[in-house]
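*Asks:* There's a structure below that I have some questions on.
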Amino acid sequence: MSDDILFEQRGAAGFVTLNRPKALNALNHGMVTALARQLTAWAGDDGIRHVVICGEGEKAFCAGGDIRSIYDARMAGETGLADFFRDEYLLNAQIKSYPKPYVSLIDGIVMGGGVGVSVHGSHRVGTENTMFAMPETGIGFFPDVGGTWFLPRMPKATGTYCAMSAGRLKQGDALETGVLTHATSRRCLPALKAALEETDDIDAALNAFHVDPEPSDLMARADLIEGIFTAPTVAEVMRRLDSCEDPWGQKVAAGIRSKSPTSVHLAFEQMQRGARLDFNGCMRLEYRIVTKILEGHDFFEGVRALLVDKDQAPKWQPDRLDQIDETVLAPYFEEPASGDLPLK
């Protein structure tokens, strides 16, 4: 088994450690399939009463999926690029329906794929170093790994704001929006892990190490965010941001305009549809979107600009928000030729 992900039974708990600290614990395909297999085994093991997942190192719980490997595979002419996402989305669904408590200990960066292996579990504990984001629109992608489910269910359209703008949340923001269920501090983590080895009462153990976070800056603007991001179209969202008296509005508008226009529109439509779907329906929708994205330009251009050439100057196609209409978006929501994600 690869050392990229480690599994250990400690007392009553099955501990998972994401073990790629130099890569900010980014998920690769092997880690995804190994975690799925181990969760299946532990689900049927009476000696495991709950699962605890954490990341190695102090910088990140998990900064996302290993998108550079997807880019490299495309450049090498490889096929089957959707296989990683298929298995990742099946893992997200497995975590969502897991029959035992699933406790995520989040310390540092949690983005993209790292959100997918944490936010769908029963307990999400974040330290003062938590930095949550779904930054996908900035790389020509979309907020996947179950973002279609949890983002529209965040209060006062804060999830739509996060999806379109790649807005970052700190510990207090994440707790008040429901991304986290509990807050603690980094210094408490060793003792908390020891407590989780033996306890049968997860909530009592987590509450014993509770630390009040700083007030949420995001929720202080929640009414403003709701007034903007409940607009019926992307164009109207941008109009409301542009006319916002708070300088924050102009900053957010500029940020959104720097993202892939296709991705911004996809994220907006994804939020509208996701609010009406059950979890498995959301994951099937995401698989449809990703299959189409992998056939296109913007994702690979975004990875090139961010991680390969690192010029931070992606050339989006199309390159303006007003160039996207229903004819552009519709194919992303159609069943792919290979079929939908195989969920019951």
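*Asks:* Quick one: what pairs do we get from the range 90-103, first residue closer than 20 Å to residue 125 by Cβ and aliphatic (A, V, I, L, M), second at pLDDT 95 or above and in a loop (DSSP other than H, G, I, E, B), C-beta under 6 Å, 6+ apart or different chains?
*Replies:* Filtered contacts from the range 90-103: 95/120; 95/121.
*Asks:* So which residues in the range 307-344 are over 19 Å from residue 295 (Cα atoms) and in a loop (DSSP other than H, G, I, E, B), if there are any at all?
*Replies:* 309, 310, 311, 312, 313, 320, 342, 343, 344 - these are the residues of the range 307-344 that are over 19 Å from residue 295 (Cα atoms) and in a loop (DSSP other than H, G, I, E, B).
*Asks:* Here is a further query. Is there any pair with a first residue in the range 49-73 that is in contact (Cβ under 8 Å) with a residue 60 or more places away in the chain and within 17 Å of residue 39 (Cβ to Cβ) and a second that is of a type in the set (S, T, N, Q) and crowded, with 21+ Cβ neighbours inside 10 Å whose Cβ atoms are under 9 Å apart and which are 6 or more apart or on different chains, and what are they?
*Replies:* 52/104; 53/104; 53/118; 54/104
*Asks:* Since residue 179 meets every condition but one in (1) without any contact (Cβ under 8 Å) to a residue 24 or more places away in the chain; (2) within 20 Å of residue 215 (Cβ to Cβ), which condition does it not meet?
*Replies:* Every condition holds for residue 179 apart from (1).
*Asks:* Enumerate the helices (runs of 4 or more DSSP H) found wholly within the range 183-286, keeping only those where 2 or more residues are touching a Leu at 6+ places or on another chain (Cβ under 8 Å) and within 25 Å of residue 92 (Cα to Cα).
*Replies:* Result: 189-198, 202-208, 261-274.
*Asks:* Out of the residues in the range 264-298 that are surrounded by fewer than 24 Cβ atoms within 10 Å (Cβ to Cβ) and acidic (Asp, Glu), which is farthest from the chain's Cα centre (by Cα)?
*Replies:* Among residues in the range 264-298 that are surrounded by fewer than 24 Cβ atoms within 10 Å (Cβ to Cβ) and acidic (Asp, Glu), the one farthest from the chain's Cα centre (by Cα) is 295.
*Asks:* Checking residue 331 against (1) in contact (Cβ under 8 Å) with a residue 40 or more places away in the chain; (2) surrounded by 12 or more Cβ atoms within 10 Å (Cβ to Cβ); (3) more than 18 Å from the chain's Cα centre (by Cα), which test does it fail?
*Replies:* Of (1) in contact (Cβ under 8 Å) with a residue 40 or more places away in the chain; (2) surrounded by 12 or more Cβ atoms within 10 Å (Cβ to Cβ); (3) more than 18 Å from the chain's Cα centre (by Cα), only one is false for residue 331: (1).
*Asks:* Please work out if residue 196 is aliphatic (A, V, I, L, M), over 25 Å from residue 135 (Cα atoms) and surrounded by 24 or more Cβ atoms within 10 Å (Cβ to Cβ).
*Replies:* The answer is yes for residue 196.
*Asks:* For the range 114-128, which residues satisfy the criterion of being surrounded by 24 or more Cβ atoms within 10 Å (Cβ to Cβ) and in a strand (DSSP E or B)?
*Replies:* Residues satisfying the conditions are 124, 125, 126.
*Asks:* Looking at the range 266-293, which of its residues are among the hydrophobic types (A, V, I, L, M, F, W, C) and within 22 Å of residue 256 (Cα to Cα)?
*Replies:* 266, 267, 268, 271, 275, 289, 290, 293
The values are calculated or read from the model by the stated rules, or taken from the named source; none is laboratory data. In this text the structure is predicted, and so the values were computed from the model without any measurement. Heads up, the Cβs are rebuilt from the backbone with ideal geometry, glycines too, and the neighbour counts pull from every protein chain shown.
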